[in-house]
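**Q** This is the structure I have questions about; it appears just below.
The values are calculated or read from the model by the stated rules, or taken from the named source; none is laboratory data. If you're wondering where the values come from, they're calculated on a predicted model, not measured in any experiment. Glycine also receives a Cβ, built like all others from the backbone with ideal geometry; neighbour counts cover every protein chain displayed. Quick note on the areas: whole protein, heavy atoms, side chains included, nothing else; ligands and nucleic acids left out. Shrake-Rupley method; radii C 1.70, N 1.55, O 1.52, S 1.80 Å.
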Amino acid sequence: MNILETDDYEAMSRQAANILFAQVVLHPESVLGLATGSTPLGIYRRLAELYQQGDVDFSRIRSVNLDEYCGLGPNDPQSYHRFMEENLFRLINIPEENTSLPDGMAVDTDAECARYDRRIQELGGIDLQLLGIGNTGHIGFNEPGCNFEMSTHRVVLAPETRRANARFFQNPDEVPCYAITMGIKNIMSARKILLAVNGKGKAEVLAKALFGPVTPQVPASILQLHPDVTVVADRDALSRLPVGSRAVIE
Ligand code: F6R
């Protein structure tokens, strides 16, 4: 695992964007696994800038997102479809048909999960998966106690996750209770993983994920077993690491 420390959120965003940028420049037909939430906003902003400067071409990139809320259609302002559209897709030249997210409106969620797994397979798997980490230690919406063997599936969101995500909704009761998420198996099958983390609020869970025991109680801890993980985290997020662990940070 490669851990890169940056001064702040802005520097984390630039550093992580550089890694995605390099992937796209070197391998323009890459399959990118994408995340939503507050963490990647600066990364997407930076990628859009690089595109607008003419430095990178996304026309042959394919993308698959980690998750989507159940019950929210693509035009719902709180859906992850809409988030991706507003914060990345419409700012770069990725063709719409090259982008995939789970369908939160699917009536048969099992069939939708199977379709999503097939889609990832048809694309040849994920070359680089961008992740954030939740306060619960979740990656995607794989909450504590998850099964490391699962591929795409429907989950019940942890109360803490619903509380954390309430900031995006007008009323906390509007936060959906269910989501469709890639499973740990999909995430671990990605050839490379980029975990971006910022802020003191994530420091404790990040320390557990990177240096604690590998356990479903801290879903992100599974990343310790992946052969190619880069963590880009700001100083605040790395402020609670166990004594002695700083030696591995660049
Ligand atoms: C988002 C996702 C989640 C977030 C995590 C952190 O697609 O799958 O795992 O990465 O909840 O969210 P933020 O960045 O908002 O703190």
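**Q** Before we move on, is residue 10 surrounded by fewer than 20 Cβ atoms within 10 Å (Cβ to Cβ) and among the acidic types (Asp, Glu)?
**A** Values: surrounded by fewer than 20 Cβ atoms within 10 Å (Cβ to Cβ): yes; among the acidic types (Asp, Glu): yes.
Against the criterion (surrounded by fewer than 20 Cβ atoms within 10 Å (Cβ to Cβ) and among the acidic types (Asp, Glu)), residue 10 qualifies.
**Q** Would you call residue 224 touching a residue at least 12 places away in the same chain (Cβ under 8 Å), surrounded by fewer than 17 Cβ atoms within 10 Å (Cβ to Cβ), over 17 Å from the mean Cα position of the chain (by Cα) and not in a strand (DSSP E or B)?
**A** Answer is no for this residue.
**Q** Another question about this same structure. Quick one: would you say residue 62 is away from the ligand (no atom under 14 Å from the Cβ) and of a type outside the set (A, V, I, L, M)?
**A** yes
**Q** Something else: Which one is nearest to residue 232 (Cα to Cα), of the residues in the range 179-196 that are in contact with a Gly (Cβ under 7 Å, 6 or more places away or on another chain) and within 14 Å of the ligand (Cβ to nearest atom)?
**A** Here the answer is 196.
**Q** Now a separate question. Among the listed residues 236, 228, 173, which satisfies the condition of being charged (D, E, K, R) and in contact with a Gly (Cβ under 6 Å, 6 or more places away or on another chain)? Before you say what the answer is, go through the steps one by one.
**A** On the way: 228 fails: in contact with a Gly (Cβ under 6 Å, 6 or more places away or on another chain); 173 fails: in contact with a Gly (Cβ under 6 Å, 6 or more places away or on another chain).
Going through 236, 228, 173 in turn, just one is charged (D, E, K, R) and in contact with a Gly (Cβ under 6 Å, 6 or more places away or on another chain): 236.
**Q** Here is a follow-up. Looking only at the range 29-37, decide whether some residue is in a helix (DSSP H, G or I) and either farther than 26 Å from residue 82 by Cβ or of a type in the set (Gly, Ala, Ser) (or both).
**A** No.
**Q** Please pick out the residue among 53, 78 that is in contact with a Leu (Cβ under 7 Å, 6 or more places away or on another chain) and either of a type outside the set (Phe, Trp, Tyr) or within 16 Å of the ligand (Cβ to nearest atom) (or both).
**A** 78
**Q** While we're on this one: Mind counting the residues in the range 60-82 that are open to solvent by 20 Å² or more (accessible area, probe 1.4 Å) and under 19 Å from residue 126 (Cβ atoms)?
**A** 4
**Q** Are there any pairs with C-beta distances below 7 angstrom linking a residue in the range 151-179 that is of a type in the set (S, T, N, Q) to a residue that is in a helix (DSSP H, G or I), with the two at least 6 apart or on different chains, and if so which?
**A** These pairs meet every condition: 151/117; 151/185; 151/186; 152/113; 152/116; 152/117; 152/186.
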